[in-house]
Amino acid sequence: MQSLAQKYNRPIPRYTSYPTVPYWKEVKPNSHKWLSHVNESYYKQKEEGISLYIHLPFCESLCTYCGCNKRITKKHKLEKPYIEAILAEWKIYVTAIGGKPVIKNLHLGGGTPTFFSPDTLKLMMEGILSESQIAKKHEFSFEGHPNNTTYEHLKVLADLGFNRVSYGIQDFDITVQKAIHRLQPIENVRNVVKWSRELNYSSINFDLIYGLPFQTEATLSESIEKLREFEPERIALYSYAHVPWKSKSQRGYDESHLPQAEQKLNMYWQAKQQLNAMGYVNIGMDHFAKPTDELTIARDKGYLNRNFMGYTTDKNELMIGLGCSSISSTGKAFVQNEKTVELYQNSIHEKTLPLIVGHYSTEQEIEVAELIKEIICNGKVTFQHSAFLMNLFEGAMDSLKEMEQDELLTIGSYSLEVTSKGMLFVRNICSLFDPVIQKRTSDKPQFSQSI
């Protein structure tokens, strides 16, 4: 593993979209054009419904590892104006669609959604749902912080149709928790899991991170073992993304405290073996689920999907993002909102979508996006759909043969299949078919390391 780490550890996109955000070409996209595109997209796949992501950026305390868009504050008076802006933005989309859209998937992310009081979250969700229809088979989820998620939070959201919850655990080790400024007693985790089970949440996810400061193979192994007590249905095991040029809080610890690439690979491989021994199945590049979980079923049947909210069973392409920094997508186009709370709210008050950047994909970009999604979700793909894809395959052949020798993939007739080991390097594999990355010459940091 050490030689592979040295060979393949380089900055590469995470490919939650293609093209990736730094290469989107439209600055200040036209709102009317975008809303017309959303309307067209919705009615082309109305039966699938939409995915709705709501970004709630406030946190009371700064977690130094976090690269998400957030606002650190203890001023809860900020809750109501922000929620009012969210509801006004949703109204703009509902008007553009021309009727109550069917919501199949909804996720509250952050920041810390449970920074908001249960009453405020209820106010927001009642406003959203009054302008919507809920699909019969829906998934509503939210990110909860074990330190401030209360029984009332869980009860209010369960009553509104929420059936999944994801808790940011990151690591149980106290030394690591101190380094990332996220002290989180295990008793708090016990409480929120107990309450979630009592309120019949059908799925609990734990987020863990490997590669954190002062983390070792031994401490991560101990954290993995602690999962036996809680038996979450899903586990996300993310590689720590060290991007101090983007997230200044990550400058709070010395890089010598971070595990090196080969150590990170060993950490992941050890954690994978532990989770597999506990009965969890690998999903894509960084998720695990129980064999009966819908993610596992989707993977086995070949319809696993991935978007800005992570791995999903959604078949719908239309995802609307509300709130500052949120990203919306139709599968053929993307836009992102203003990143600062004030600029976002000011734009909404002026009854204008707060769009700062976007992109309308070419036919070739759509082909590459589908190709990358197949690799990163299902681990196999064929290139025979077009001459363009076949040319990409042929152009990458030297690198593919080298990866085959390293047992990362197997090459077929205009096809490839990623091995179990290769899923550790799936971003590297995807980058071979990314014309933008292959042509990139700048040394300016943009992406986290692939390991």
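Of all residues in region 4-13 being crowded, with 18+ Cβ neighbours inside 10 Å and not in a helix (DSSP H, G or I), which is nearest to the chain's Cα centre (by Cα)?
Only one residue tops the list, namely 13.
Of the numbered conditions (1) in a helix (DSSP H, G or I); (2) aromatic (Phe, Trp, Tyr); (3) in contact with a Gly (Cβ under 7 Å, 6 or more places away or on another chain), residue 195 satisfies every one except a single condition; which is it?
Unmet for residue 195, out of (1) in a helix (DSSP H, G or I); (2) aromatic (Phe, Trp, Tyr); (3) in contact with a Gly (Cβ under 7 Å, 6 or more places away or on another chain): (3).
Collect the residues in region 281-307 that are surrounded by 20 or more Cβ atoms within 10 Å (Cβ to Cβ), farther than 17 Å from residue 374 by Cβ and among the polar types (S, T, N, Q), keeping them in residue-number order.
296 - this is the single residue of region 281-307 that is surrounded by 20 or more Cβ atoms within 10 Å (Cβ to Cβ), farther than 17 Å from residue 374 by Cβ and among the polar types (S, T, N, Q).
For region 384-406, which residues satisfy the criterion of being part of a loop (DSSP other than H, G, I, E, B) and over 22 Å from residue 8 (Cβ atoms)?
Once the filter is applied, which keeps residues that are part of a loop (DSSP other than H, G, I, E, B) and over 22 Å from residue 8 (Cβ atoms), region 384-406 yields 384, 385, 386.
Evaluate region 87-105: report whether one residue or more is crowded, with 17+ Cβ neighbours inside 10 Å and among the acidic types (Asp, Glu).
yes
Looking at (1) over 21 Å from residue 276 (Cα atoms); (2) at pLDDT 95 or above, which is the one condition that is false for residue 205?
(1)
Do you know which residues across region 249-282 are among the small types (Gly, Ala, Ser), at pLDDT 90 or above and in contact with a strand residue (DSSP E or B) (Cβ under 9 Å, 6 or more places away or on another chain)?
Correct list: 271 only.
Out of all the residues in region 195-230, which are farther than 30 Å from residue 255 by Cβ and out of contact with any helix residue (DSSP H, G or I) (no Cβ under 9 Å at 6 or more places or on another chain)?
197, 202, 228, listed by residue number.
Among the numbered criteria (1) under 23 Å from the mean Cα position of the chain (by Cα); (2) on the phi > 0 side of the Ramachandran plot, which single criterion is violated by residue 28?
With (1) under 23 Å from the mean Cα position of the chain (by Cα); (2) on the phi > 0 side of the Ramachandran plot applied to residue 28, the lone miss is (1).
Residue 268 - would you say it is of a type in the set (Phe, Trp, Tyr) and in a strand (DSSP E or B)?
So residue 268 does not fit the description; no.
Can you find a residue that is free of Cβ contacts under 8 Å to residues at least 12 places away in the same chain, surrounded by fewer than 18 Cβ atoms within 10 Å (Cβ to Cβ) and over 21 Å from the mean Cα position of the chain (by Cα) anywhere in region 383-393?
yes
Of the numbered conditions (1) within 30 Å of residue 425 (Cα to Cα); (2) at pLDDT below 95, residue 107 fails exactly one; give the number of that condition.
(2)
What tally of residues in region 25-57 results from selecting those that are assigned to a loop (DSSP other than H, G, I, E, B) and surrounded by 20 or more Cβ atoms within 10 Å (Cβ to Cβ)?
Number satisfying all stated conditions: 3.
Residues to consider are 183, 123, 160, 108; find the one that is hydrophobic (A, V, I, L, M, F, W, C) and crowded, with 20+ Cβ neighbours inside 10 Å.
108
Scanning for something of a type in the set (Lys, Arg) and out of contact with any helix residue (DSSP H, G or I) (no Cβ under 8 Å at 6 or more places or on another chain), does region 341-364 turn up at least one residue?
no
Is there a residue in region 355-366 that is aromatic (Phe, Trp, Tyr) and assigned to a helix (DSSP H, G or I)?
No, region 355-366 contains no residue that is aromatic (Phe, Trp, Tyr) and assigned to a helix (DSSP H, G or I).
Residue pairs, Cβ under 7 Å, 6 or more apart or interchain, first in region 13-25 and over 14 Å from residue 448 (Cα atoms), second modelled with pLDDT under 90 and not in a loop (DSSP other than H, G, I, E, B). List them.
Close Cβ pairs satisfying both conditions: 19/436; 23/436.
Here is a list of conditions, (1) of a type outside the set (Gly, Ala, Ser); (2) at positive phi; (3) out of contact with any helix residue (DSSP H, G or I) (no Cβ under 6 Å at 6 or more places or on another chain), and residue 15 meets all of them except one; can you say which number that is?
The failed condition is (3).
The values are calculated or read from the model by the stated rules, or taken from the named source; none is laboratory data. What you see is a predicted model, and the numbers here were worked out from it, not measured in a lab. Counting neighbours? That spans all protein chains shown, and the Cβs are built from the backbone with ideal geometry, glycine included.
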